[in-house]
Amino acid sequence: MEDKKTASWSILMASSNSSFGQSASFYLTGIPGYENMHHFISIPFCILYLVGIVGNCTILHIIHTDKSLHEPMYYFLAMLSLTDMGMSISTLPTVLKIFWFDARKIEVNACIAQMYFIHTFSLMESAVLLAMAFDRYIAICDPLRYSSKLTPRRILYIGVLIVARCSVVLPVILTRIPTFSFCHSRVLSHSYCLHQDVIRLACTDISFNIVYGLFVVAFYWGIDSLGILLSYACILHSVLGIASQRGKFKALNTCASHICAVLILYVPMIGLSLVHRFAKHSSPIIHITMANIYLLVPPVLNPIIYSIKTKQIRQGFLRILLPKRVGLVQT
């Protein structure tokens, strides 16, 4: 069975060495060398997707139903949960299709759509984290004007700006992909479509896509990370001015969840970039693992972190899981 799968995959690799015009499709990759174990490998992936989607849906439900959480901090947390769900759902169809049915073929339009949503939600996640850093800055450095500065209308404007900012940047390069010639291989190295993975297979000039992609990474991610760093520099300066140790700890504790969310997104992203640039000839398993960590871990861990570190969210989870016991404690 394993030899049969390996042989069919070799035939697929050979047949993909044709021009883009002859067959407007790409072929995705599961876990190379472990094709016979894809059904077992799908189990942890299913668990991660389930935890991520259910966890973020639960946070949205808690914030929606608990009126005491209708505050700026939790509105931004709802935005983070929405982007996390978007990241999970963007990769879910092709990943499970490969692991369950060994269906690797993906049409070019579906591939471009998946690229758009994956990269757009990644940019949105970074922008939402910047907005949350700004929220923490105002809450700690200017608490008396917190409610007047972050009104529901302004939060709505911020959300619309984040969506507009991240939605319009990618079509410029993605619409060029159907014009490329793929005269060698059309086999991608992941279980989903990524821009950098697709353009490396093109035989035509891809310099515009490379330069524009680097600009997007440097400008958007650079501005977001710099804004987060500046916000926390101001927060740290303000916290150091607090006289009591308890006050300092309480102020910093309100930032703990957000700092963890930032690290969960940025550390895998930096690691994936380093692997792509400095470890191109390393095992494909490393590239695939890093990409999966980057796209799957934040949606899974963010609800867990906020449910542990944020009392109101934790109580909301407990009300859902143990309604009778929580009701008795409250009475």
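The values are calculated or read from the model by the stated rules, or taken from the named source; none is laboratory data. As the structure is a prediction and not an experimental result, all values here were calculated from the model. Don't worry about glycine lacking a Cβ; one is built from the backbone with ideal geometry, like all the others, and counts go over all protein chains shown.
For the structure I just gave you, tell me whether Ile285 is at pLDDT 85 or above, over 14 Å from the mean Cα position of the chain (by Cα) and either surrounded by 20 or more Cβ atoms within 10 Å (Cβ to Cβ) or more than 24 Å from Thr120 (Cβ to Cβ) (or both). So Ile285 does not fit the description; no. Flag set for Ser126, criterion: touching a residue at least 24 places away in the same chain (Cβ under 8 Å) and over 16 Å from Leu194 (Cα atoms). The condition of being farther than 18 Å from Tyr266 by Cβ and either assigned to a helix (DSSP H, G or I) or within 23 Å of the chain's Cα centre (by Cα) (or both) holds for only one of Cys234, Cys203, that being Cys234. Out of curiosity, is Phe76 surrounded by fewer than 20 Cβ atoms within 10 Å (Cβ to Cβ), touching a helix residue (DSSP H, G or I) at 6+ places or on another chain (Cβ under 9 Å), touching a residue at least 60 places away in the same chain (Cβ under 8 Å) and assigned to a helix (DSSP H, G or I)? Criteria not met by Phe76.
Within the stretch 113-122, at least one residue is without any contact (Cβ under 8 Å) to a residue 12 or more places away in the chain, farther than 25 Å from Ala218 by Cβ and under 23 Å from the mean Cα position of the chain (by Cα). Could you tell me which residue of the stretch 32-59 is farthest from Leu318 (Cα to Cα), considering only residues that are assigned to a helix (DSSP H, G or I) and free of Cβ contacts under 8 Å to residues at least 24 places away in the same chain? Only one residue fits best here, namely Met37. Entry remark, the stretch 219-275: residues being of a type in the set (A, V, I, L, M, F, W, C) and more than 30 Å from Ile288 (Cα to Cα) number 13 in total. Here Lys105 fits the description: modelled with pLDDT under 95 and touching a strand residue (DSSP E or B) at 6+ places or on another chain (Cβ under 9 Å).
A quick yes/no check of all residues on (1) in a helix (DSSP H, G or I); (2) touching a helix residue (DSSP H, G or I) at 6+ places or on another chain (Cβ under 6 Å); (3) acidic (Asp, Glu); (4) closer than 30 Å to His61 by Cβ:
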residue: Ala218; (1), (2), (3), (4): yes, no, no, no
residue: Phe249; (1), (2), (3), (4): yes, no, no, no
residue: Leu263; (1), (2), (3), (4): yes, no, no, yes
residue: Ile285; (1), (2), (3), (4): yes, no, no, no
residue: Tyr294; (1), (2), (3), (4): yes, yes, no, yes
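Across the stretch 189-200, the qualifying residues are those that are more than 19 Å from Val169 (Cβ to Cβ) and at pLDDT below 90, and the one among them that is surrounded by the most Cβ atoms within 10 Å (Cβ to Cβ) is His190. Taking the condition among the polar types (S, T, N, Q) and touching a Lys or Arg at 6+ places or on another chain (Cβ under 9 Å), does Ser181 pass? The answer is no for Ser181. If you go through the stretch 247-256 and keep only what is within 24 Å of the chain's Cα centre (by Cα) and surrounded by fewer than 21 Cβ atoms within 10 Å (Cβ to Cβ), you end up with Thr254, Ala256. Within the stretch 176-201, the residues that satisfy the criterion of being over 27 Å from Tyr34 (Cα atoms) and touching a helix residue (DSSP H, G or I) at 6+ places or on another chain (Cβ under 8 Å) are Arg176, Ile177, Pro178, Phe180. Checking every residue in the stretch 139-151 against the condition of being under 26 Å from the mean Cα position of the chain (by Cα), touching a residue at least 60 places away in the same chain (Cβ under 8 Å), surrounded by fewer than 19 Cβ atoms within 10 Å (Cβ to Cβ) and assigned to a helix (DSSP H, G or I) gives zero matches.
Condition test on Asp102, is it within 22 Å of Ser307 (Cα to Cα), acidic (Asp, Glu), surrounded by fewer than 19 Cβ atoms within 10 Å (Cβ to Cβ) and touching a residue at least 24 places away in the same chain (Cβ under 8 Å)? Taking the combined requirement at face value, the residue does not satisfy it.
Within the stretch 227-246, is even one residue exposed (fewer than 13 other Cβ atoms within 10 Å of the Cβ) and closer than 23 Å to Val297 by Cα? Yes, that holds for at least one residue. Quick one: which residue in Leu144, Leu150 is touching an Asp or Glu at 6+ places or on another chain (Cβ under 9 Å) and closer than 30 Å to Gly247 by Cα? Matching residue, one of Leu144, Leu150: Leu150.
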